[in-house]
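Derivation of every value follows stated rules applied to the coordinates shown; laboratory data play no part. None of these values were measured; they are calculated from a predicted model.
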Amino acid sequence: MAPSQIQIATSSLQRLLKEEASYYKEQVQQEVRIAKLEKEGAGGGADDEDGNREFQLKQEKRALEETKAIIPTIRERITSAREKLESVLDTATNDEERSKAVEVLKSAKEAQKDDPVAGQQTS
């Protein structure tokens, strides 16, 4: 049996929430690596062969900026998926589908409570 619209919308929102959490985790890890590289570089050690540390630092900063740039896009997609799930919530064919959808919606709203973009229409 094919999944219902509400099951698809629920799974989509769950996946986007996990994706957002992984980007935040990645951002923290990158910030730690950058701080470590900057600390090592401040020591002025002579073990920086051919500017390798500077190159690594530059690469880590670039990766961090890319991660930060993706987060607003993910948040917009979460808002869109949340709105879609809310619109199909009435089509739930059983209580299990409905309760799972409501639970995921609560998680999405909690994750976006401090997000100034959440709840706004994207253009």
For LYS84, counting only lysines whose alpha-carbon sits under 25 Å away and dropping same-chain residues fewer than eight positions off, the answer is LYS18, LYS100, LYS106, LYS109, LYS113
Quick check: residue separation of ILE34 and LYS113 times 0.36 nm, minus the Cα distance between them. What number comes out in nm?
25.6 nm
Would you list, by chain and number, the lysines whose Cα falls below 22 Å from the Cα of LYS61, excluding same-chain residues fewer than 8 positions away?
LYS25, LYS36, LYS39
Which of these values of Rg and Dmax of the Cα atoms in Å was calculated from the structure shown: (i) 20.5, 68; (ii) 16.2, 49; (iii) 13.8, 44?
(i)
